[in-house]
Amino acid sequence: MTSLTHRSLRFICLILIACSLSACVYWMRAYQVYLQMSEFDRYFDVVVSDDFSLHFKKPIMLSEDFVSLSKLHASEETALADGKKWRYWFRKVNGYKKPVTPEVKFYSDLTFNKQNQLTAWTFSSLFLQIAPPKFLEASLRSLGGAEINKAEMQLQGNSAAVEKIADDLPKKDTIIAKLGKPFEIKPDKGQEIYTYLFLLDTPHIDKGYEDRALSEVKLSFDKKSHELVRMAGRFAGLKISINYRKFQDEKAK
């Protein structure tokens, strides 16, 4: 069976699943972006400076899609000459959902053109402390041809399909210096899992989805090397989980 046929079958399968939901059209556009991931360099550019930006060369998703899928609204909206920008602020909080002192926060920006199509997705420098740029890009590239978890409506990236990274992973002490003390620490075999709580600063949350504003970020550190080996969390309804060891070159481990 040809790859084109496989691709068509996946497309039909997801349509049947998505159309059983009230947000069928939004899932459809999200799936079209997923198809673009298989030709990453044709449809996307990555720009790294103090922050990390994924640029969409042929944008598909609309601003309304993010509100429909996440049930959350941005912290700030800024009008641009050629569109608009939404900024989502995440502030570190304690177990009572109160901001900690000194303040620790990061942002994620969505930039839209005049047609309300997503043209860029940006993560601030603090987020890059727990998602190093090269590993974050590799994770995005791995979504090309990723398996679809139909029950959870999630993508499971194929790390074997991307080039391995020779860089070292960030150390625990470096991350703690930026994020401060975690909410809790739990041992897990040869690792320690540090949990941080971040609350989305948003003016409105759809009723029944209040829990989505709270991001529980889990950082797994190797007990011997003290390296960050895994990051998992949910940010404005977007679930991200990266096993850094899968993207790291054997020589760097």
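The values are calculated or read from the model by the stated rules, or taken from the named source; none is laboratory data. Only a predicted model underlies this, so the values are computations on that prediction, with no experimental measurement involved. So basically every Cβ, Gly included, is an ideal-geometry build from the backbone, and we count neighbours across all protein chains shown. With ligands, DNA and RNA removed, areas are computed over all heavy atoms of the protein, side chains included. Shrake-Rupley method; radii C 1.70, N 1.55, O 1.52, S 1.80 Å.
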> Considering only protein heavy atoms, what is the solvent-accessible area of residue 176 at a probe of 1.4 Å, reported in Å² to the nearest 10?
Replying inline: 50 Å²
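Less than 13 Å Cβ to Cβ from residue 193, Lys/Arg counted +1 and Asp/Glu -1: what total charge do the surrounding residues give? Don't skip to the end; give the middle numbers.
Working: positive: 172, 186, 189, 218, 223, 230; negative: 184, 188, 192, 216, 222.
Summing Lys and Arg as +1 and Asp and Glu as -1 gives +1.
Of 85/105; 97/223; 92/189; 105/224, which ones are farther than 25 Å apart at the Cα?
Violating the 25 Å limit, Cα to Cα: 97/223; 92/189; 105/224.
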> What number comes out for the charge environment of residue 90, summing +1 per Lys or Arg and -1 per Asp or Glu over other residues with Cβ under 11 Å away?
Replying inline: +4
> Taking the alpha-carbon centroid of each part, what is the distance from region 44-87 to region 185-253 in angstrom?
Replying inline: 22 Å
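Let me check something: with ligands and nucleic acids excluded, how do 231, 61 order by accessible area (1.4 Å probe), largest to smallest?
On the way: 231 0, 61 25 Å².
Ranked from most to least accessible, the order is 61, 231.
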> Separation between the residue 223 and residue 47 pseudo-spin-labels, each 7 Å from Cα along Cα→Cβ, expressed in nm?
Replying inline: 4.5 nm
> Does anything in region 220-242 have its amide N under 16 Å from the 7 Å Cα→Cβ label point of residue 167, and if so which residues?
Replying inline: 227-231, 242
>> Taking the alpha-carbon distance from residue 172 and a cut-off under 19 Å, which aspartates and glutamates remain once sequence neighbours fewer than 8 residues away in the same chain are dropped?
In response: 184, 188, 192, 216, 222, 227
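Find out how many positive minus negative residues lie around residue 226, taking Lys and Arg as positive, Asp and Glu as negative, among other residues whose Cβ is under 10 Å from that of residue 226.
Details: positive: 171, 172, 223, 224; negative: 173, 192, 222, 227.
So the surrounding residues net to 0.
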> Which of the lysines could a cross-linker span from residue 84 if the Cα-Cα distance has to be under 16 Å and same-chain partners fewer than 8 positions apart are dropped?
Replying inline: 114
> What's the Cα-based Rg to Rh of region 60-133, Rh via Kirkwood?
Replying inline: 1.03
